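Enquirer: My questions all concern the structure below.
Derivation of every value follows stated rules applied to the coordinates shown; laboratory data play no part. All of these numbers come straight from a predicted model, not from anything done at the bench. Reconstructed Cβ throughout: ideal geometry from the backbone, glycine too, with neighbour counts over all protein chains shown.
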Amino acid sequence: MKILAAMSGGVDSAVAAARAVEAGHDVVGVHLALSRMPGTLRTGSRGCCTVEDAMDARRAAAKLGIPFYVWDFSERFRADVVDDFVAEYAAGRTPNPCMRCNERIKFAALLDKALALGFDAVVTGHYAEVRQGPDGPELHRAAAWAKDQSYVLGVLTAEQLAHAWFPLGATPSKAEVRAEAEARGLSVAAKPDSHDICFIPDGDTRGWLAERVGAQEGPILDREGNRIGTHPGAAAFTVGQRKGLNIGYPAPDGRPRFVLEVRPKTNEVVVGPREALAVSELAGSRHTWAGAQPADAAAGFACEVQVRAHADPVPAVARVEAGELVIRVDEPIEGVAPGQTAVVYAGTRVVGQCTIDRTVSAVPVDA
Amino acid sequence: MAVYLDHAATSPMTDEVLAAYTQALRVVGNPASIHGAGQAARELLETGREAVARALGVDPVEVVLTSGGTESVNLAVKGMFWARNRGARRPRVIAPLGEHHATLDAVAWLARHEGARVDWVELDAEGRIRLDALAAALATDPDDVALVTALWASNEVGTVQPVEELVALAHRYGAPVHLDAVAAFGQVPVDVHAAGADAVSVSAHKVGGPVGVGALALARTATVEPLLHGGDQQRGRSGTQDAAGAVAFGVAATRAVADLPLARVAALRDRLVEGVLASVDGAVLRGAPPGPGRVPGNAHFTFAGADGDALLYLLDAAGIAVSTGSACQAGVAELSHVLLAMGVPEAEARGALRITLGHDTTDADVDALLDALPDAVARARAAAS
């Protein structure tokens, strides 16, 4: 096959490309330039955006003996990921820009371009597996549970999965990938992992957002709607957040308060006790299936749902109702905010996902 | 079979140059040393300098050997700006739009750090400087002009500038002129004295010499403040001189001038242009039409609806090396400021391809490009839609 290996400059994508080469495919390395101003040379790496990362990717490709190009996706990235991230926060939601990047850049803009230019598939260093199932390609969790990235790939559809390959999916650990990189003489073998959002250079997401969204003082309300404090700008708050409220006096029951809701339109932040964070149902109209739509989608099917990249999956029942994917969890869960993605699993297989529009609290206000 | 059609990026060294270069590299001695070894090296150095001077139509004393085109341009632009502002105040630099980044960035640096003000002069649709606009800029306040700097020929679209008129016009207002002839040298006659320019930059590796060697032809009457300090080995430049580089540059420059007017290369280029225009819908030749107004080795097209980086990849996969124009540090093709200055719409400027021929280009190379291009453009257009 003719394979395009997306090479970030990190160790995972370098080893993924190496495995594609070793499997006998005709491989071309491509580094995505996601920023017009690649900034300074940072210590460590965030897996994209820096001149150093592009250089690391280039050196790895040279080591593998494959052609290498840098393709500019900075305009698409700015519009579809960065601006979207800011707009979502401004709307009081909590987006995951890595998912957006997979959805709209790596497996959309890049994949489309690759297919049009004659490639058969795109290879990345994600930890997840594409398997051939009875109804077409299926997306599964990686063997290395700690590194599993099937969650951030949950947005991929059957057509995208048909042209995606994740050679690291079956590898038991990251240590093994590093050892392999070392053995292959790849200079990125010991390069640190990327964790933060790649386009926020110093990792200060709040400060970065405040600069772009703007911040205006507004009321902090309790669940009954009483004003109990003042915040410096609603957009900087996330559901489930405890620190930084600075209300100044304790709740009547003396227990800590948590952000329950962010209302950007009225610039209000609603706080309350921890148990009020518990959610029994979540739903979103923007949903996709990672493969065939389940036959019992309308009637409802038992599944597990995961709401953050590193959250544990919990048992639930999902159904499509009036165009929405509605997920009822068996036991209430915390840490669910609009804008997050809920990925639905059946065992190790990703069934589909939705961007969460609304949640139903497990604890009514008057409880 | 590799087809190399990117001579404007760098042109392969000929055997003749390589032999002279490697032989000279064996000679031990610093040209500044007084002993016999130093004198031997000095002899090589000055032989090379004389050859470069002959090729440029200047005297050897007017040749400052540098590390390449970028240093030459920086020495001319910054050095003349500083010299002209010694005991006087002349903050203005006049330059056409569409200059090479060596000039753009040097001028921008002067604006940022030295209080320079820049008058950008418009180009016409073929990339030629608008002399009326230049005259207007000069006439505004002739006494505060530090210098005029311009390309002799465009490195991207190959348009040759009306340098004699340009220099005469600037001199009428008392402004010295630097010309960046990196893309012109070896393509058209670069006679510095005949043009009347005060400083002219050239580079060795664009004419089949080694990378890391260049020259600034600096008229006896012109002065520059040096960029580099430490020994005053040359007029306006410090640093141990590269005798072998000078020898190699001398051989390459002599050959380049002897080969003019590059009739063979021009004929190949003309066939290439005709072939591309005939076989690819929507192909537009950018820059001046083939003839005396365009360097013979340059063909530059836009293919509306295709992305330059996709074209580059597809042609590279077919074994053909070409360029989109200019690239930044990370290797990303940028939208050409030259094309935009010529009034080319952004959507068309995205699909730019610069194809440059040279001394080793053959009919088979042109055929290979003509074979591969139509399909590459079609695919690149599909990929961009």
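Enquirer: Along its principal axes, what span do the Cα atoms of chain A show, with the longest given first and each in whole Å?
Expert: 67, 50, 35
Enquirer: Here's another thing I want to ask about it. Pick from B:G57, B:G231, B:G68: which is most flexible by mean-square fluctuation in a GNM of chain B where alpha carbon atoms under 10 Å apart are linked?
Expert: Checking each option, the largest mean-square fluctuation is seen for B:G231.
Enquirer: May I pose another question? Specify whether the C-alpha gyration tensor of segment A:215-274 places it in the rounded, prolate or oblate class, a ≥ b ≥ c being the square roots of the eigenvalues: rounded for a/c under 1.5, otherwise prolate if a/b is larger than b/c and oblate if not.
Expert: prolate
Enquirer: Given the rule -39500 (n - 2.57) for each run of at least 4 DSSP H residues, summed and divided by the residues of chain B, what is its mean residue ellipticity at 222 nm, to the nearest 500 deg cm²/dmol?
Expert: -13000 deg cm²/dmol
Enquirer: Using the membrane-span-like helix rule (whole DSSP H runs, Cα extent along the own axis of at least 15 Å, mean Kyte-Doolittle hydropathy at least 0.0), which helices of chain A qualify?
Expert: Those that pass (Cα extent of 15 Å or more, hydropathy at least 0.0) are A:11-22.
Enquirer: Here is a follow-up. Translational D (Stokes-Einstein, µm²/s) of segment A:218-330 at 37 °C and 0.692 mPa s when Rh comes from the Kirkwood sum over C-alpha pairs?
Expert: 202
Enquirer: Please identify every one of the trypsin sites (Lys or Arg not before Pro) in segment B:57-117 that sits in a loop by DSSP and has no more than 13 other beta carbons within 10 Å of its own beta carbon.
Expert: Answer in residue order: B:R86, B:R89.
Enquirer: Excluding the sites themselves, what is the longest stretch of chain A that contains no trypsin sites (Lys or Arg not before Pro) in a DSSP loop with at most 10 other C-beta atoms within 10 Å?
Expert: The answer is A:1-242.
Enquirer: Can you tell which of A:T348, A:A292, A:L325 lies farthest toward the positive end of the dipole of segment A:277-361, using +1 and -1 charges on the Cβ of basic and acidic side chains (Lys, Arg; Asp, Glu)?
Expert: A:A292
Enquirer: Grab the eigenvalues of the alpha-carbon gyration tensor for the protein assembly as shown, scale each by 5, take roots, and send me the semi-axes largest first in whole angstrom.
Expert: Over the Cα atoms of the protein assembly as shown, the ellipsoid semi-axes are 59, 31, 24 Å.
Enquirer: Let's test the formula: R0 of 25 Å, r as the Cβ-Cβ distance of B:E126 and B:A364. What FRET efficiency results, to the nearest 0.05?
Expert: Efficiency at R0 = 25 Å is approximately 0.25.
Enquirer: Where the centroid of each part is defined by its Cα atoms, how far is segment B:230-268 from segment B:108-131 in Å?
Expert: Centre-to-centre distance over Cα atoms comes out at 28 Å.
Enquirer: Further question: Segment B:146-216 to segment A:278-327: how many Å between their Cα centroids?
Expert: Answer, in whole Å: 68.
Enquirer: For A:V351, what residues show an amide H to amide H distance below 5 Å, using hydrogens built from the backbone and excluding near sequence neighbours?
Expert: Hits under the 5 Å cutoff: A:V344, A:Y345, A:A346.
Enquirer: Using amide H atoms built in the peptide plane, which far-off residues or other-chain residues are under 5 Å from B:L151 H to H?
Expert: Amide H neighbours of B:L151, under 5 Å, 5+ apart: B:D180.
Enquirer: So what are the ³J(HN,Hα) numbers for segment B:369-374, from phi and the Karplus equation (6.51, -1.76, 1.60; θ = phi - 60°), rounded to whole Hz, Gly and Pro as x?
Expert: Couplings: 5, 5, 5, 8, 5, x Hz.
Enquirer: Per 10 Å bin, what is the whole-percent P(r) computed from every C-alpha pair distance within segment A:124-237?
Expert: Taking all Cα pairs of segment A:124-237, the binned fractions are 12, 25, 23, 20, 15, 5, 0 percent.
Enquirer: Across segment B:197-202, in residue order, what do the Karplus-derived ³J(HN,Hα) couplings come to in whole Hz, using 6.51 cos²θ - 1.76 cosθ + 1.60 with θ = phi - 60° and x for Gly and Pro?
Expert: Values, residue by residue: 6, 7, 8, 9, 9, 9 Hz.
Enquirer: Segment A:99-133 to segment B:62-77: how many Å between their Cα centroids?
Expert: 47
Enquirer: Running Debye on segment B:119-236 with equal point scatterers at the Cα sites and no solvent, what base-10 log of I(q)/I(0) appears at q = 0.20, 0.21 Å⁻¹?
Expert: With one equal scatterer per Cα and no solvent, log10 I(q)/I(0) is -1.17, -1.24.
Enquirer: A further question follows. What Kirkwood hydrodynamic radius, in Å, does segment A:277-361 give when the mean of 1/r is taken over all pairs of distinct Cα atoms and then inverted?
Expert: Value: 12.3 Å, from the Cα pair sum.
Enquirer: Sticking with this structure for a sec: I'd like the GluC sites (Glu not before Pro) in segment A:272-367 restricted to DSSP loop residues with at most 16 other Cβ atoms within 10 Å, sorted by number.
Expert: The qualifying sites are A:E334.
Enquirer: Considering chain A as a Gaussian network with a 10 Å cut-off on Cα pairs, which listed residue, A:A276, A:A337, A:A62, attains the greatest mean-square fluctuation?
Expert: A:A62
Enquirer: Same structure again: Per-residue Cβ counts within 10 Å, from other chains only, averaged over B:373-381: what number is that?
Expert: 1
Enquirer: Under 1.5 on a/c is rounded, so check that first for segment B:4-108, then, if it is not, pick prolate when a/b is larger than b/c and oblate when it is not; a ≥ b ≥ c are the square roots of the alpha carbon gyration tensor eigenvalues.
Expert: Oblate, because a/c is 1.5 or more while a/b does not exceed b/c.
Enquirer: Run through segment B:155-239 and list the trypsin sites (Lys or Arg not before Pro) located in a DSSP loop whose Cβ has at most 14 other Cβ atoms within 10 Å.
Expert: B:R220
Enquirer: If I build a Gaussian network model for chain B, linking alpha-carbon pairs within less than 10 angstrom, which residue out of B:A352, B:A37, B:A204 has the largest mean-square fluctuation?
Expert: Looking only at B:A352, B:A37, B:A204, the largest GNM fluctuation is found for B:A37.
Enquirer: Classify chain B as rounded, prolate or oblate from the Cα gyration tensor: take a ≥ b ≥ c as the square roots of its eigenvalues, call it rounded if a/c is under 1.5, otherwise prolate when a/b beats b/c and oblate if not.
Expert: oblate
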